[in-house]
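Structure first, commentary second.
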């Protein structure tokens, strides 16, 4: 059959992307946090064998794609996946699937990245599924400053933190300081017989906690650093960190919601969040994200007739 442009556009919104030069599609299967069960994995393989080209590929956003789906089989594929709580989608000018590292089990992990990603998925990928934005909006959750999922190259990225608590009174100023030796950022250094931690260099990885032989750093506050305005693609932009380390998960998730609302209200159709921030100013954006005005006007912002016509500029 001859595919019509409107047919291709309609099913793309459902997560079925046209395979160039063919009349077939790749179905994009969403994972909430990069994790699927063994039963779901089997279902994906069965769909690939029954409806697709017999192979599966994985995207950089931790979604799964099966190529070779016939247009007439699209509804059957969606129904098959529904039996296993699998959904398709992940396209369009809206919140995109969340990416998370394996911080839950990683030796360096400072937060339960997969649980946080699931919560973000429910609240913002699903909860804002019908909310049009100026452009796509990508979120990443990293468990530590190793940045394995590149949070600062997403529209908004969360990074697990552990801010060391240094008790100067317990420091003995050792010539061979265990804390100084273990610090990967060289932020800790004994100067004039006392340990100093350069806050501008320290990335709050937490590796120094518990390393002092005299218990000068026995604990650290867990929290989240948040980067905004990262972008990977034709025009690369590194995200900028908000100046505050958020010690509450709910507070961090609230910042994500405020960023989405700000982008919807103040972004121009077709521009990425990085461009919005550059245009109106980082200090302006940060100030708005640290108060609750956007949340107070949430329904007004969501109900506004905005971004009804697409047109990505990058």
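Just a few scattered comments:
- Test result for residue 99, under 26 Å from the mean Cα position of the chain (by Cα), surrounded by 15 or more Cβ atoms within 10 Å (Cβ to Cβ) and closer than 11 Å to residue 27 by Cα: no
- Of all residues making up segment 62-92, the number that are in contact with a strand residue (DSSP E or B) (Cβ under 8 Å, 6 or more places away or on another chain) and either crowded, with 18+ Cβ neighbours inside 10 Å or within 14 Å of residue 14 (Cβ to Cβ) (or both): 18
- Of all residues making up segment 13-34, the number that are in contact with a helix residue (DSSP H, G or I) (Cβ under 6 Å, 6 or more places away or on another chain) and more than 19 Å from residue 51 (Cβ to Cβ): 2
- The combined condition, being outside the structural domain of residue 125 (by TED's automatic domain parsing), in contact with a helix residue (DSSP H, G or I) (Cβ under 9 Å, 6 or more places away or on another chain) and touching a residue at least 24 places away in the same chain (Cβ under 8 Å), is fulfilled by residue 213.
- Selected residue (only one of 223, 270, 239 is under 30 Å from residue 309 (Cβ atoms) and within 17 Å of the chain's Cα centre (by Cα)): 239
- Wholly within segment 4-96, helices (runs of 4 or more DSSP H) carrying at least 3 residues that are at pLDDT 95 or above and more than 23 Å from residue 133 (Cα to Cα): 38-50, 74-82
- Considering each residue of segment 170-179 in turn, none proves to be out of contact with any strand residue (DSSP E or B) (no Cβ under 8 Å at 6 or more places or on another chain), within 23 Å of residue 271 (Cα to Cα) and assigned to a helix (DSSP H, G or I).
The values are calculated or read from the model by the stated rules, or taken from the named source; none is laboratory data. These numbers come from a predicted model, not from an experiment. Backbone-built Cβ (ideal geometry, glycine too); neighbour counts: all protein chains shown.
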